[in-house]
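Notes follow the structure.
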Amino acid sequence: MAERPTGRRPDRPVGAGSRGRDTGSRRGERPEEPKFRHSPRGTALAVVLRVEQGAFAHLALPEMLRRTQFTSRDRAFVTELVYGSLREQLSIDHCLRKHCRWELEELDADVRGALRLGVYQLTHGVSPHAAVGETVSLVGEKVRGVVNAVLRSVQDSGIPDPSTERYVRGCYPRWVVEDLDAAYGEADATATFATMNTPPFATLRVNPLRATQDEVAAEVEAAGGTASHGELVNSALEVRGAGDLAELGAIVDGRASVQDQASQAVVALLEAEAGDLIADVASAPGGKASAIAELLGDTGLVVAGDLHDGRMRTLMRGVQRLGLAAVVPYVADGRNLPLRSGGFDRVLLDAPCSGLGVLRRRPDARLRVTRALIAQVAELQRAMLVEAARLVRPGGRLVYSVCTLTRAETVGVDAFAASELPEFVALDPPSELWRRAGRGAVLLPHVAGTDGMFALVLQRDR
């Protein structure tokens, strides 16, 4: 094992510096990319460096892969390295602290990132020769000895350590484990954590205005994949082995969209009818707004808004791809909407949230979320819910949803609604795959096979 420091802090390795001097460490700056970024491991390192600086992995990774000429096998390897190392970073860092003489925060970002990638490979079946040798080559010559020594020490020690605390083994912040234990019980929380640590399969939503489910399924199978009906939403297609779905003809020409069944199920809770006027008050990037418009066709209208005009431009590009005419965009703060009170048959508030229900797809989210952030976002959710409720006509329906599972953002918001919105009554949760939570319901990933989702369906009775 690499010697741990005692007493005086050891000299830093050449190439290590204070946190403020990490490669590209200043907020908003793009970190320097590795010299070997044309290789799969170099590309993976470039992505994790960007994520450390604040980029989102699900955006940075595809952008970086588009610059390469990698085979499908190499692309899959890069994806596994990036998502896997981010998903398990808490456990990986716990391991590194036992084998590295220096605090991880003292190391330059490229050294720290290479160590994380190396440990991930050593614990997931990559041969030690490649996991260590190829990873060492990603850093400068002056620090290769440091990276090599630490990874060799990890290799020799045998990992993982079964005595490690449950939250570290599961790769979640301790407070998240405690919160979900309290909300759902330890057994369901543990099963949820395990499911969210596995790569997801893709789910398609078929555009009924342009294609049938069978037609899109046949195209998926022609691309070498499999497609089956969704368990939660029968009209959805669960897709496996079809490669990059962004290149699938049905996606390119607007006959289908990628959307998890949990999100599709939230749209179904609106029970939109022909001719309805519907407000989607936090709609970007637009998956739910376009799904509603597909159901309405030309028989109703979806007024879709968001705070940021750039995100609304993304929404409208999606609407145009799908050939939808029933979406009217606007830009506004969801706490102060330029919409008429009582003017809508249905209102959807898919509120900004911590995103802990989508960790299968966005593993880096767990590295950003704090208790303080949860308190802030819950306050925002409550304010937006009051404003959204203002729009609903008597007899109309309001659906509040969040793709997370924390108590503050789910049952906490429901308790607020019960107190502050007495003109609304809660409707029963939908199917057996939903589990009651307060007056609403949750989809737990290990039960429904979907993202984690909470929904509260309210009807205005006066």
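Please treat every number below as a calculation from the coordinates, not as lab data. Since we're looking at a predicted model, the values are computed, not measured. No Cβ is skipped: glycine too gets one built from the backbone with ideal geometry, and neighbour counts run over all protein chains shown.
For the chain, what does -39500 (n - 2.57) per DSSP helix run (n ≥ 4), summed and divided by total residues, give at 222 nm, in deg cm²/dmol to the nearest 500?
-12500 deg cm²/dmol
Which cross-chain or sequence-distant (5 or more) residues have an amide H under 5 Å from the amide H of residue 328, H modelled 1.01 Å from N in plane?
Hits under the 5 Å cutoff: 302, 303, 304.
Quote the FRET efficiency, to the nearest 0.05, computed for residue 215 versus residue 74 with a Förster distance R0 of 35 Å and r equal to the Cβ-Cβ distance. Let's see the in-between values first.
Working: r = 32 Å, r/R0 = 0.91.
So, using R0 = 35 Å, E works out to roughly 0.65.
With θ set to phi - 60°, apply the Karplus curve 6.51 cos²θ - 1.76 cosθ + 1.60 along segment 452-462 and write out the HN-Hα couplings as whole Hz, x wherever there is a Gly or Pro.
Residue by residue, segment 452-462 yields x, 8, 10, 9, 10, 9, 10, 10, 7, 9, 7 Hz.
Quick one: dipole size for segment 44-147, taken about the Cα centre, charges +1 on Lys/Arg Cβ and -1 on Asp/Glu Cβ, in debye to the nearest 20. Please list the in-between numbers first.
Values: 13 positive and 13 negative charges, 41 e Å.
That gives segment 44-147 a dipole magnitude of about 200 debye.
Determine the sum of side-chain charges near residue 337: Lys and Arg each +1, Asp and Glu each -1, restricted to other residues whose C-beta is under 13 angstrom from that of residue 337.
Summing Lys/Arg as +1 and Asp/Glu as -1 gives -1.
Over the chain, what relative contact order in percent results from Cα pairs under 8 Å that are six or more residues apart? Walk me through the numbers before you get to the answer.
Details: 859 pairs, mean separation 54.1, N = 462.
Relative contact order here is 12 percent.
What's the center-to-center distance, using Cα atoms, between segment 191-267 and segment 321-340 in Å?
Taking the Cα centre of each part, segment 191-267 and segment 321-340 sit 26 Å apart.
I need the shape label for segment 19-159. Rule: rounded when a/c is under 1.5, else prolate if a/b > b/c, else oblate, with a, b, c from the alpha carbon gyration tensor.
Oblate, because a/c is 1.5 or more while a/b does not exceed b/c.
Using the alpha-carbon centroid of each, what span in Å lies between segment 166-180 and segment 74-103?
About 17 Å separates the Cα centre of segment 166-180 from the one of segment 74-103.
So what are the chain's ellipsoid semi-axes, whole angstrom, largest first, if each one is the square root of 5 times an eigenvalue of the alpha-carbon gyration tensor?
The equivalent ellipsoid of the chain has semi-axes of 42, 25, 20 Å.
Near the amide H of residue 396, under 5 Å away, which other amide H atoms are found, from residues 5 or more places off or on another chain, if H is placed in the peptide plane?
Here 460 satisfy the definition.
Is segment 202-258 best put as rounded, prolate or oblate by its Cα gyration tensor, with a ≥ b ≥ c the root eigenvalues, rounded for a/c under 1.5, and otherwise prolate when a/b is larger than b/c, oblate when not?
Oblate.
Rounded if a/c is under 1.5, else prolate if a/b beats b/c, else oblate: with a ≥ b ≥ c from the C-alpha gyration tensor eigenvalues square-rooted, which is segment 304-346?
In terms of gyration-tensor shape, oblate.
Over segment 208-280, what is the relative contact order in whole percent, taking alpha-carbon pairs under 8 Å and six or more residues apart?
27 percent
Before anything else, pin down the relative contact order of segment 269-460: Cα pairs under 8 Å, at least 6 apart, normalised by residue count, whole percent.
20 percent
What are the GluC sites (Glu not before Pro) within segment 390-458 that DSSP puts in a loop, where the Cβ has at most 13 other Cβ atoms within 10 Å?
Answer in residue order: 423, 432.
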